[in-house]
Amino acid sequence: MSQEDKNILAVNGGSSSIKFAVYGTDGARAGENASALTKKLSGKIDRIGMKEATLTFTDILNNGKGSLPADAAGPEEAAVFLLDWLGRQKDVLPLAAIGHRVVHGMQHRQAMPVDDGLLDELQSIRDYDPDHLPGEIGLIRLFRRHSPDLPQFACFDTAFHAGLPRVAKLLPIPRRYDGSGIQRYGFHGLSYAYILEDLARVEGAAIANGRVIIAHLGSGASMAAVRNGCSVDTTMGFTPTGGIMMGTRTGDLDPGVAWYILQKEQLTAAGFNDLVNHRSGLLGVSETSSDMQDLLAREKEDIRAAEAIALFCYQVKKTIGAFSAVLGGVDTLVFTGGIGERAAVIRSRICGGLEYLGIGLDEQKNKNNERVISAPGGRTGVYAIPTDEEQMIARTVYNLLKDH
C-alpha cells in the first residue's frame, strides 16, 4: 500500500438507505494494524425514493454534525449526490479504495476485488435477494463509472458463514436444488466478525474462541453460534428473510402457510415477497409499527404490540437454547444491533428463565446499557456490544491493500 496518506470509504447500501464512513489509514500504517484506522466522517442517506430523503453526517475530526436534503429519487441519484458531497468535504480525498457491503456472496470466503467477472457473478444471483443485491450492484457500477481507477472491494456478509458444517448448510428439499446453490448461507457476517474481533481485543482470545452466541437484533435480526472463532450455525438461511422474526420480515415460516396465502389471496410472486419482507414481523403482528421502541411505548394499552414483543423475545430465547445444544453449552452471550445494544428491557426478557444455562443479568448494569451486563459469579458472560459494519469493511479493505 502506498505510504501516501489516503482514506478508505466504506459503503453499506440498503434498499432505502446508504450508510457510509471515511477512515484514515495513517494511524494504522504506523503500527500496521487495521484496528487503528481513524474514523473521520460518517453518515447516511435515508428515505431514498421519497421527497424527505436526507443526508445526515458526523464530522468526527471537527466535532460537527449536520443534515441536509438529499437529491435521492432513487439509489443511483442518491449515490451521485453522496459522491458529489463527499468530494467537497475536508479531509476525505484522496481515497485509497472503496469497500462495499454485499449481502450475498455465494461461496466466497473472503472479500474480493471488484471486476467485471465478479459483477457478472453477482448479477446472476440478484434474485436470491431482490431487496439488497440489485441496489448494491448498481452502487458498485456507479462508483466504478465515477472513479474507474479507484480500487473497489466487495465485502460479503455470507463469507463469515462459508465454513458452516455441511449439516447446517443442507436444506431438506430434493438434492438437485443443493447442487444449484440453494442452501443455508447466513448473513450479518460483517457484524459477527466485528464482534469477535472486539471480544478478542478487549476480553481476550480465550473468550472469543469459546462457545459464543451472538444475537444481532435490529430491524433485520439474526443469531449465530460460534465456536473457536468459526460460525457453526446461524438463523438466516438462503436469504435474509429466514430465521427469527424481524422488524418487517417473517423469519422462518411454515411452507404450508405460504402455499395457503398464495392460493387464498391469489398473490403473485412479487406480492408474496413484499408480504414476507415488508409487511410481516413486528409490523405485521402489531399492525402499527416495526420499531421496537414504538411497540414498548404502546404495549400496556395495545395487546397487539405486547404480543409482537413477546413473540420476538420468545423466538430469540428459544434460539439461545437451540444454539447451546449445537455448541454443547454456552460461555458467552453477546447482544448487538440497534435493539440488542439499546433495549435493556428486551435483553432482560430474553434472558429471564435461562439460569439453567448460567445466564443471569445484573439488572442495573443492563439498565445502564453497560458493556458487561451479566450477574457477578454467573457461568456465562453476557455483553451488550455496539457493532460497526462500516469499520469492519474498512479494516478488511485496508488489510487487502496492505497485502498487495
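For Cα pairs less than 8 Å apart in space and 6+ apart in sequence, what is the mean separation divided by the residue count of the chain, i.e. the relative contact order in percent?
14
Quick one: net charge of Ser324's neighbours, Cβ under 12 Å, K/R +1, D/E -1?
Net charge in that neighbourhood comes out at +3.
Say each of Met50 and Lys264 gets a label point 7 Å from the Cα, pointing the same way as Cα to Cβ; how far apart are those two points in nm?
Result for the modelled spin labels: 3.0 nm.
Send over the per residue convex hull volume for region 191-244, Cα only, as a whole number of Å³.
On the way: hull volume 3.8 nm³, N = 54.
So the per-residue Cα hull volume is 71 Å³.
Quick check: at a probe of 1.4 Å, how many percent of the accessible area of region 88-211 sits on carbon and sulfur atoms?
Summing carbon and sulfur atoms, their accessible area is 53 percent of the total for region 88-211.
Say we join alpha carbon atoms closer than 10 Å with springs in a Gaussian network model of the chain; which of Leu295, Leu41, Leu61 then has the biggest fluctuation?
Looking only at Leu295, Leu41, Leu61, the largest GNM fluctuation is found for Leu61.
For region 253-294, what is the convex hull volume of its Cα atoms per residue in Å³?
70
Hey, could you get me the Stokes-Einstein D for region 308-376, Kirkwood radius over alpha-carbon pairs, 4 °C and 1.567 mPa s, rounded to whole µm² s⁻¹?
105
Among Leu37, Leu262, Leu93, determine the one that fluctuates most according to a GNM of the chain built with springs between C-alpha atoms less than 10 Å apart.
Comparing Leu37, Leu262, Leu93 in the GNM, the peak value goes to Leu262.
Could you rank Lys51, Lys40 by how accessible they are, 1.4 Å probe, largest area first?
Largest accessible area first, the residues go Lys51, Lys40.
For Lys402, give me every one of the lysines with a C-alpha distance below 30 angstrom, ignoring sequence neighbours fewer than eight places off in its own chain.
Cα-Cα hits under 30 Å: Lys6, Lys19, Lys39, Lys40, Lys44, Lys90.
Can you spot the lysines whose alpha carbon is less than 27 Å from Lys318's alpha carbon? Ignore those fewer than 8 places along the same chain.
Lys318 reaches Lys169, Lys300, Lys365, Lys367.
Please calculate the 1.4 Å probe accessible area of Met106, with all protein chains present, and give it to the nearest 10 Å².
Answer for Met106: close to 40 Å² accessible.
Just to be sure I understand the curve: with the Debye formula and one point per C-alpha of region 66-175, what is log10 I(q)/I(0) at q = 0.14, 0.15, 0.17, 0.19 Å⁻¹?
After summing over all Cα pairs, the log10 values are -0.67, -0.75, -0.90, -1.06.
Rounded to the nearest 5, what % of the DSSP beta bridges within the chain are antiparallel ones? Intermediate values should be presented prior to the final figure.
Values: 42 of 61 bridges.
The antiparallel proportion sits near 70 percent.
Rounded to whole Å and sorted largest first, list the principal axis extents of the Cα atoms in the chain.
56, 55, 47
At 1.4 Å probe size, with the rest of the protein present, what percent of the exposed accessible area of region 329-404 is carbon and sulfur atoms? Please report the intermediate quantities before stating the final value.
On the way: 1500 of 3040 Å².
Within region 329-404, the accessible surface is 49 percent carbon and sulfur.
Relative to the present Cα-Cα distance, how much length would full extension add between Asp302 and Leu170 at 0.36 nm per residue of separation? Walk me through the numbers before you get to the answer.
Details: separation 132, 0.36 × 132 = 47.52 nm, distance 4.04 nm.
Extra length available between Asp302 and Leu170 comes to 43.5 nm.
Name the most mobile residue of His216, His278, His188, meaning the one with the largest mean-square fluctuation, in a Gaussian network model of the chain with Cα contacts below 10 Å.
Result: His278 has the largest fluctuation of those listed.
What nm value, rounded to one decimal, do you get for the distance between Arg126 and Ile182 when each label is placed 7 Å out toward the C-beta?
Spacing of the two 7 Å Cα→Cβ label points: 2.2 nm.
Can you give the net charge of the other residues whose Cβ lies under 15 Å from the Cβ of Arg227, counting K and R as +1 and D and E as -1?
-1
Could you work out [θ]222 nm for the chain from helices alone, using -39500 (n - 2.57) per DSSP H run of at least four and dividing by all its residues? Round to the nearest 500 deg cm²/dmol.
My calculation for the chain gives -11500 deg cm²/dmol from helical runs alone.
With every protein chain present, what is the per residue accessible area of the chain (1.4 Å probe, Å²)?
Per-residue value: 45 Å².
Can you give the extra length, in nm with one decimal, that the chain gains between Asp71 and Ala322 once fully stretched, where that is 0.36 nm per residue apart less the Cα-Cα distance?
Stretched fully, the Asp71-Ala322 segment lengthens by 85.7 nm.
When averaged across all projection directions, what area in nm² does the alpha-carbon convex hull of region 151-225 cover?
On the way: hull surface 29.2 nm².
Approximately 7.3 nm², given one-decimal rounding.
Once the piece of chain linking Arg88 and Leu253 is laid out straight, how much longer is it, given 0.36 nm per residue of separation minus the C-alpha distance between them?
Using 0.36 nm per residue and subtracting the Cα-Cα distance, I get 54.7 nm.
Summing Lys, Arg as +1 and Asp, Glu as -1, what charge do residues with Cβ under 10 Å from the Cβ of Phe156 carry, Phe156 excluded?
+1
Rounded to a whole number of µm²/s, how large is the Stokes-Einstein D of region 107-154 at 37 °C and 0.692 mPa s, given Rh as the Kirkwood radius over C-alpha pairs?
For the chosen part, D equals 292 µm²/s.
On each of the three principal axes of the Cα atoms of region 259-404, give max minus min coordinate, whole Å, ordered largest first.
Projected onto its principal axes, the Cα set of region 259-404 covers 53, 52, 32 Å.
Below 8 Å, C-alpha to C-alpha, sequence gap of six or more: please give me the relative contact order for region 290-378 in percent.
About 19 percent, as a whole number.
The values are calculated or read from the model by the stated rules, or taken from the named source; none is laboratory data. What you are looking at is a predicted structure, and each value in this text was computed from that prediction instead of being measured. Neighbour counts run over all protein chains shown; Cβ positions are idealised from the backbone, glycine included. What goes into the accessible areas is simple: the full protein's heavy atoms, side chains included, and nothing from ligands, DNA or RNA. Shrake-Rupley method; radii C 1.70, N 1.55, O 1.52, S 1.80 Å.
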